[in-house]
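The numbers here are math on the coordinates, done by the rules we state, and not lab data. Please read all numbers here as calculations on a predicted model, not as lab measurements. Glycine also receives a Cβ, built like all others from the backbone with ideal geometry; neighbour counts cover every protein chain displayed.
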Amino acid sequence: MIANHIHDALAQVGKLQKFILERNRFKGYSGKARIMSGALAIVGALVMSGNAFPQGPKAHLLGWAAVLVVGLAINYSALIYWFLFDREVRRNPVMLKPALDALPPLAVGGILAISLIVRGQHDMIFGSCMCLYGLAQVAYRRSLPRGIYMLGFFYLACGALFLVNDGMPITDPWPMALAFAVGEIASGLVLIKDLTNSDDGEE
């Protein structure tokens, strides 16, 4: 009899814990947008590795800048749409707090990239930016699924590998494209699975 009561109490605690985690889960990022960003990196690498594309550092920097701008547009358009039209959000700025937590490492990544470009250290850009992007994913430890947190370490490992190999040539787009594509497509699948599980739980 007592064992049954203890079992029921533990089950209730488990349900409460799951409910709290669901309530704190940030749902502003689109899994589909992340998958599109990963695919975009592959498309960018295909274009930049083509014979018709100029093979100097400046051209590749512009190519990656274009990939970055389009990727940001895809992801933040999805975020803005969620903020404006999701019934649970109700345009409450507090709901955007998890997205703001990632801005410091992303901003530092941008500043570092500019500094490396100014100094002509192009081969260090991939590794440095990949590491800081990984830190941005780790910042979501409490607000996004555990898979995103683990993928942050994947990005950190890729960035470290690029750096210890004396950097990666900016004119070779494939290391960056493959690492980013794998990470973003995997992140997108994690977000889609989490959203699906959440919807099933509500039903």
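Place a point 7 Å from the Cα of Ile114 along the Cα-to-Cβ direction; which residues of region 122-137 have their backbone N under 18 Å from it?
Residues 122, 125-126, 128-130, 132-133 qualify, since their backbone N sits under 18 Å from the label point.
Helix 57-85 versus the longest principal axis of the chain: what angle, 0 to 90°, nearest 10, using Cα atoms?
Once rounded, one gets 20 degrees.
Please compute the Kirkwood hydrodynamic radius over region 2-202, one decimal place, Å, based on all pairs of different Cα atoms.
18.5
With Cβ to Cβ distances under 15 Å as the rule, what net charge do the other residues near Gly44 carry (K, R +1; D, E -1)?
-2
Could you work out the longest stretch of the chain that avoids the trypsin sites (Lys or Arg not before Pro) located in DSSP loops with at most 13 other Cβ atoms within 10 Å?
That would be 1-86.
Run the count for region 2-202, please: Lys pairs, Cα-Cα under 19 angstrom, 8 or more apart or on different chains.
For region 2-202, the number of qualifying lysine pairs is 5.
For Ala66 and Lys193, what is the calculated FRET efficiency with R₀ set at 45 Å and r taken between the beta-carbons, to the nearest 0.05?
Given R0 = 45 Å and the Cβ-Cβ separation, E is 0.90.
Scaled to the compact-protein estimate 2.2 N^0.38 Å, what is the alpha-carbon radius of gyration of region 97-179, rounded to two decimal places? Walk me through the numbers on the way to the answer.
Values: Rg = 13.0 Å, N = 83, 2.2 N^0.38 = 11.8 Å.
For region 97-179, the normalised Cα radius of gyration comes out at 1.10.
How far, in degrees from 0 to 90, does helix 103-118 lean away from the longest principal axis of the Cα atoms of the chain, to the nearest 10?
10
Determine the dipole magnitude for the chain: charges of +1 sit on the beta-carbon of Lys and Arg, -1 on that of Asp and Glu, nothing else is charged, the reference point is the Cα centre, and the result goes in debye to the nearest 20.
Dipole about the Cα centre, nearest 20: 420 debye.
Is it possible to state the helix-based mean residue ellipticity at 222 nm for the chain, with each DSSP H run of 4+ residues giving -39500 (n - 2.57), the sum divided by total residues, to the nearest 500 deg cm²/dmol? What is it?
Helix-only estimate at 222 nm: -26000 deg cm²/dmol.
Modelled label-to-label distance, Asp86 and Val182, 7 Å Cα→beta-carbon offset: nm?
3.0
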